Amino acid sequence: MRLDKFLKVSRIIKRRTIAKEISDAGRITVNEKQAKSSTQIQPDDILTIKYGNKILVVRVLNLLESTKKEDAQRMYEILEENKTQ
């Protein structure tokens, strides 16, 4: 599954266009390698997302094409969440 679609379906980022802009700006890494929006992700990949004032590290648990709000939390596991200054 593409990175931007995973971020939208899992509801980490609300809109796919925003996920695409963030990843293409170099603010997302997959397994410590800079990722573009078209990067293919697999279960057990580690995503590091740099927002404006925080860093979120998640592990991909499974990939679903579409989800309900309750099922979106089962797609990933939060490993770390840091606020930056």
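The values are calculated or read from the model by the stated rules, or taken from the named source; none is laboratory data. On a predicted model such as this, the values are computed, not experimentally measured, just so you know. Here the Cβ positions follow ideal geometry from the backbone for every residue, glycine too, while neighbour counts run over all protein chains shown.
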Considering only the stretch 65-85, state which residues are under 16 Å from residue 3 (Cβ atoms) and either in contact with a Phe, Trp or Tyr (Cβ under 9 Å, 6 or more places away or on another chain) or of a type in the set (Val, Ile, Thr) (or both).
75, 76
Suppose we keep only residues that are hydroxyl-bearing (Ser, Thr, Tyr) and not in a strand (DSSP E or B) within the stretch 27-85. Which one would you say is surrounded by the fewest Cβ atoms within 10 Å (Cβ to Cβ)?
66
Considering only residues that are in contact with an Asp or Glu (Cβ under 6 Å, 6 or more places away or on another chain) and touching a residue at least 24 places away in the same chain (Cβ under 8 Å), which ones fall in the stretch 4-35?
30
Name the one entry in 29, 39 that is closer than 18 Å to residue 75 by Cα and modelled with pLDDT under 90.
39
Sole miss for residue 5 among (1) surrounded by 14 or more Cβ atoms within 10 Å (Cβ to Cβ); (2) part of a loop (DSSP other than H, G, I, E, B); (3) out of contact with any Ser or Thr (no Cβ under 8 Å at 6 or more places or on another chain) is condition (2)
